[in-house]
């Protein structure tokens, strides 16, 4: 069973999982599920999670291609906490930019005004 979660803030799953801060994730072989999407696999708590980016957030399944279990709102909440969806990323960048000259010089207009379907925020460095 695949479940989807909408993520309200700028979010790039691939960058989040492959930039060296999340060590329990790896990319599954291309088209692992035969659905044309690129999935990642990792462990969250006691669960094997397979997850992919969607236009509005992420889609995920728990347990892998065999032996999956039913998903519920609690699974959504765990993923939202893991990716810190409740953090106000614009406020965090605003605060950091008062303390770091490099960040202060960046133009965050694209980030602050990002709309659904626009390219992902490219980061700060």
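What follows draws every value from the coordinates through simple rules; no lab data is involved. Please read these numbers as outputs of a predicted model, since none were measured by experiment. A quick note on method: Cβ atoms are made from the backbone with ideal geometry, for glycine too, and the neighbour counts reach across all protein chains shown.
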Can you tell me which of (1) more than 12 Å from residue 61 (Cβ to Cβ); (2) surrounded by 10 or more Cβ atoms within 10 Å (Cβ to Cβ) is the one residue 20 doesn't meet? (2)
Residues in the range 1-17 that are in a strand (DSSP E or B) and either under 13 Å from the mean Cα position of the chain (by Cα) or surrounded by fewer than 16 Cβ atoms within 10 Å (Cβ to Cβ) (or both) total 3
Residues satisfying the stated conditions in the range 55-87, i.e. exposed (fewer than 11 other Cβ atoms within 10 Å of the Cβ) and at negative phi: 55, 66, 70, 72, 73, 74, 86, 87
